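Since the structure comes first, as structure tokens, the remarks are kept for the end.
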Amino acid sequence: MNDWLINRMRSLQADPARSTGGAMMNARTVARCIEALPHRLGDTHLPDRPAWTCQTCPDGPPWPCSPARTRLAEAYGPDRSGLATYVNALLFAAAGDLPRAPAVELHERFISWTK
């Protein structure tokens, strides 16, 4: 994911009036994905927002931590594109919460492991 895309996502979050109807629907999708996390992860290894660190792991590593990745992968089974779509929505939320985080770091944390 490039810096332009991360910056575009952040600008849409900051000024929803600039977004199209599709982007507004995406904001609802992001909210639903965040709400579904306790169900998908069994109420453990959830992100502590807005820092996006793990609430369960010692020392609060960046989320998704290894156990969260494993549980998400198990929840989606062979549907890797469904998993990538889901964590991409979470990346969208994290990009808004972490405006100074480098795009490469966010991509590594949220997307690259889903392959």
Could you figure out which of (1) loosely packed, with under 14 Cβ neighbours inside 10 Å; (2) at pLDDT 95 or above; (3) within 15 Å of Cys33 (Cα to Cα) isn't true of Ser66?
(3)
Do any residues in region 33-54 that are under 24 Å from Ala101 (Cα atoms) have Cβ atoms under 6 Å from those of residues that are among the charged types (D, E, K, R) and surrounded by 13 or more Cβ atoms within 10 Å (Cβ to Cβ), where the two are at least six apart or on different chains, and which pairs are they?
Arg49/Asp97; Pro50/Asp97
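The rows are residues; the columns are (1) crowded, with 16+ Cβ neighbours inside 10 Å; (2) modelled with pLDDT under 90; (3) of a type in the set (Gly, Ala, Ser).
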site	(1), (2), (3)
His45	yes, no, no
Thr70	no, no, no
Tyr76	yes, no, no
Ala95	yes, no, yes
Looking at (1) touching a Leu at 6+ places or on another chain (Cβ under 9 Å); (2) closer than 18 Å to Val104 by Cα; (3) small (Gly, Ala, Ser), which is the only condition Ala73 fails?
(2)
Which one of these does Asn26 not meet: (1) polar (S, T, N, Q); (2) within 15 Å of the chain's Cα centre (by Cα); (3) at pLDDT 90 or above?
(3)
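The values are calculated or read from the model by the stated rules, or taken from the named source; none is laboratory data. Only a predicted model underlies this, so the values are computations on that prediction, with no experimental measurement involved. Note that we place each Cβ from the backbone using ideal geometry, even for glycine, and neighbour counts take in every protein chain shown.
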